[in-house]
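Down below is the structure, laid out as structure tokens.
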Amino acid sequence: MQLTQQEISDYRDQLAEYDYAIKSLDVIEDVEGDLEDAATSLALASGQTPDRIDWLDGLAKLCRVAICEQSLRADLQDNYIEKAIDYLFEKKICPPLLVTPIVIYVVKNGINQFCQPLIENFELKTLN
């Protein structure tokens, strides 16, 4: 998954007030926009040990309930990530340096698709 220089620049504008997010974007930029390479480097720097090819997807799924909150989804659909970044950081759901790549990963893969299992589960519960 690649980010363009323009996407990185747009995210820098949105996240200018968040030092940990800017550090993450610096790493993403250093690896020429390769989100998974950057996330692996950030994970290692945070004391995590990525042990599978799809570990970023697994880490994002651990944050799914928080990311898929109704109040965040509309912004994420519009590629506006500041509110979600701030929320995940404040809730301490994952290491601060990994919050930014996780949210970008989810946005790039499609927030609706990512949240679909939770939406379906909620719909099933409300039917019972």
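Just so it is clear, none of the values below were taken in a lab; they were calculated from the coordinates. What you see is a predicted model, and the numbers here were worked out from it, not measured in a lab. Glycine gets a Cβ as well: all are built from the backbone with ideal geometry, and neighbour counts include every protein chain shown.
Observations on the model:
- Using the Stokes-Einstein relation with a Kirkwood hydrodynamic radius computed over Cα pairs, the translational diffusion coefficient of the chain at 20 °C and a viscosity of 1.002 mPa s comes to 145 µm²/s.
- Among LEU76, LEU62, LEU15, residue whose mean-square fluctuation peaks in a GNM of the chain (springs only between Cα atoms under 10 Å): LEU62
- At a Cβ-Cβ separation cutoff of 4.7 angstrom, cysteine residues of the chain with no neighbouring cysteine are CYS63, CYS94.
- Each Lys and Arg contributes +1 and each Asp and Glu -1, all at the Cβ; summed about the Cα centre of the range 5-127, the dipole is approximately 620 debye.
- Taking the chain as the region of interest, the number of lysine pairs whose Cα atoms are within less than 18 Å, with members eight or more places apart or on different chains, is 8.
- Rounded to 10°, Cα long-axis angle of helix 5-14 versus longest principal axis of the chain: 70
- The spacing between the range 27-60 and the range 66-113, judged by their C-alpha centroids, is 16 Å.
- With both labels modelled 7 Å from their Cα along Cα-to-Cβ, the GLN5 to LYS23 distance reads 2.6 nm.
- Grouping the Cα pair distances of the range 74-118 into 10 Å bins from zero gives a pair-distance distribution of 29, 55, 16 percent in increasing distance order.
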